[in-house]
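Have a look at the structure below before the remarks.
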Amino acid sequence: MSRLDELIQEYCPNGVAFKPIKEVYQRLKGTPITAAKMKEIERADGDVRIFAGGKTVIDAYEEDIPKANITRVPAVLVQSRGVIDAVYYEKPFTFKNEMWAYTHENKTAVKFLYYVLKNNMGKFRDAALGMGSLPQISLKVTEDFEIPVPPLPIQQEIVRILDAFTELTAELTARKKQYEHYREELLETSTNAVQMNFGDIFDFQNGFAFKSGLFKETGKAILRIANIQDNQVSTDNLVYFDEIDYKENLSSYIVKQGDIVVAMSGATTGKIGVNTTTSNYYLNQRVGKFIPKENVVLNRYLYHLLMRKSGEIYAIDSRARTNRLNSRSL
């Protein structure tokens, strides 16, 4: 049993009450300020952040903000026009008075509300669809929105867990960007390097036209476009075939461990994947396999090179206005 389960059993074994936001949180008002004034007073080292419609955010000196209504406590800003979203902020800030914010005497409760609003953002955006060409929600949408209000120890544990996931996600995103940066540097062609075409470093194998009417639940696994996920071969939703249903020699269509494949048509054209499993698969039509030429390029190096060039691979047939690759185009 997790710590959260223990707290739920201790504090609310019979369930959690739901209440409208306006009954639990204090609503904060913004500052009447124009876009022109924001542009005039913007300062990189300003001590107050100002949020406007869309993604517009500036910093300014408090003394330069006319009729400033500064929030100095942790709060959740509801972006209600253009971009419908929620922002958690702890430092001094204000916002255009077409938006609003919520706070609470307990910081944990504020952060809890932020996560609840983010989790329900799809509902708020749906509510904005019928209000003109520019998405906008009314105050009533959030004021009357009912949220769970568990005891503070439970809110604290939920916030702790979600903060940890948020931090992990940010770290993984930063690592991905760092990896892509170093990949670019390492694979950047020097001025003295020999330029080679795709066809000079690998051969290419198209998939076989397996008949969907002959798919089986067991047998030899077929690798389809849907099985290329997160740059790897995924075993989710595999289909199978029986060799006795085909007269052709299918040995050239086998994908072994370490082989590199690519989606050849549709919205995912150019998506690269590598078979990290120990299993073999058979290429279905619209999936291709790269075969590195012996003594020219290592398979793993080719994988990183193709990942760097995936945009160019996609563009090969996009120029012809068709999202479909083939062995001739590569």
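The values are calculated or read from the model by the stated rules, or taken from the named source; none is laboratory data. What you are looking at is a predicted structure, and each value in this text was computed from that prediction instead of being measured. Please note: Cβ atoms are built from the backbone with ideal geometry, for glycine as well, and neighbour counts cover all protein chains shown.
Residues in the stretch 117-138 that are crowded, with 18+ Cβ neighbours inside 10 Å and under 20 Å from the mean Cα position of the chain (by Cα): LEU117, PHE124. Tell me whether the stretch 126-139 contains one or more residues that are part of a helix (DSSP H, G or I) and under 15 Å from MET99 (Cβ atoms). Looking for residues that are part of a helix (DSSP H, G or I) and under 15 Å from MET99 (Cβ atoms), one finds at least one in the stretch 126-139, hence yes. The set of residues in the stretch 72-102 being among the aromatic types (Phe, Trp, Tyr) and either modelled with pLDDT under 95 or crowded, with 20+ Cβ neighbours inside 10 Å (or both) consists of PHE93, PHE95, TYR102. On the given criteria, is VAL83 farther than 30 Å from ILE154 by Cβ, assigned to a loop (DSSP other than H, G, I, E, B) and in contact (Cβ under 8 Å) with a residue 40 or more places away in the chain? Considered against the rule, which asks whether it is farther than 30 Å from ILE154 by Cβ, assigned to a loop (DSSP other than H, G, I, E, B) and in contact (Cβ under 8 Å) with a residue 40 or more places away in the chain, VAL83 comes out as yes.
Highlighted here would be strands (runs of 3 or more DSSP E) found entirely within the stretch 266-305 that include at least 2 residues which are under 24 Å from the mean Cα position of the chain (by Cα), of a type in the set (Phe, Trp, Tyr) and closer than 24 Å to LYS220 by Cβ, but there are none. Among the aliphatic types (A, V, I, L, M), under 17 Å from GLY213 (Cβ atoms) and in the same structural domain as LYS220 (by TED's automatic domain parsing) - does that describe any residue in the stretch 255-278? Checked the stretch 255-278: no residue is among the aliphatic types (A, V, I, L, M), under 17 Å from GLY213 (Cβ atoms) and in the same structural domain as LYS220 (by TED's automatic domain parsing). If the condition is being buried (at least 16 other Cβ atoms within 10 Å of the Cβ) and either modelled with pLDDT under 75 or in contact with a Gly (Cβ under 8 Å, 6 or more places away or on another chain) (or both), then the stretch 292-307 contributes no residue at all. Against the criterion of being exposed (fewer than 11 other Cβ atoms within 10 Å of the Cβ), out of contact with any helix residue (DSSP H, G or I) (no Cβ under 6 Å at 6 or more places or on another chain) and either touching a residue at least 60 places away in the same chain (Cβ under 8 Å) or not aromatic (Phe, Trp, Tyr) (or both), GLY213 qualifies.
Pairs linking a residue in the stretch 1-24 that is of a type in the set (Gly, Ala, Ser) to a residue that is loosely packed, with under 11 Cβ neighbours inside 10 Å, with Cβ atoms under 9 Å and 6 or more positions apart or on different chains, do not occur. Is it the case, given these coordinates, that ILE222 is of a type in the set (Val, Ile, Thr), over 26 Å from LEU305 (Cβ atoms), in the same structural domain as LEU305 (by TED's automatic domain parsing) and free of Cβ contacts under 8 Å to residues at least 24 places away in the same chain? Here the answer is no, as ILE222 does not meet what is asked.
Has the stretch 11-26 got any residue that is outside the structural domain of TRP100 (by TED's automatic domain parsing), in contact with a Pro (Cβ under 8 Å, 6 or more places away or on another chain) and in a helix (DSSP H, G or I)? Checked the stretch 11-26: at least one residue is outside the structural domain of TRP100 (by TED's automatic domain parsing), in contact with a Pro (Cβ under 8 Å, 6 or more places away or on another chain) and in a helix (DSSP H, G or I).
Considering only the stretch 50-64, I want to know if a residue exists there that is within 28 Å of PRO150 (Cβ to Cβ) and part of a helix (DSSP H, G or I). No, that holds for no residue.
Enumerate the pairs (first residue in the stretch 42-68 and surrounded by 14 or more Cβ atoms within 10 Å (Cβ to Cβ); second residue anywhere and of a type in the set (Ser, Thr, Tyr) and part of a loop (DSSP other than H, G, I, E, B)) with beta-carbon separation below 7 Å, excluding pairs fewer than 6 apart on the same chain, so at least 6 apart or on different chains. From the stretch 42-68, the pairs are GLY46/TYR61. Contact annotation: residue pairs with Cβ atoms under 7 Å, 6 or more positions apart or on different chains, pairing a residue in the stretch 280-292 that is in the same structural domain as ALA263 (by TED's automatic domain parsing) with a partner that is of a type in the set (Asp, Glu) and in a strand (DSSP E or B), are ILE291/ASP203. With respect to the stated conditions, LYS289 fails to be surrounded by 14 or more Cβ atoms within 10 Å (Cβ to Cβ), at pLDDT below 90 and of a type in the set (Lys, Arg).
Considering every residue within the stretch 32-46, establish whether at least one is of a type in the set (A, V, I, L, M), over 25 Å from ILE147 (Cα atoms) and part of a loop (DSSP other than H, G, I, E, B). Yes - at least one qualifying residue is present in the stretch 32-46.
With respect to (1) loosely packed, with under 13 Cβ neighbours inside 10 Å; (2) assigned to a helix (DSSP H, G or I), the lone exception for GLU105 is condition (2).
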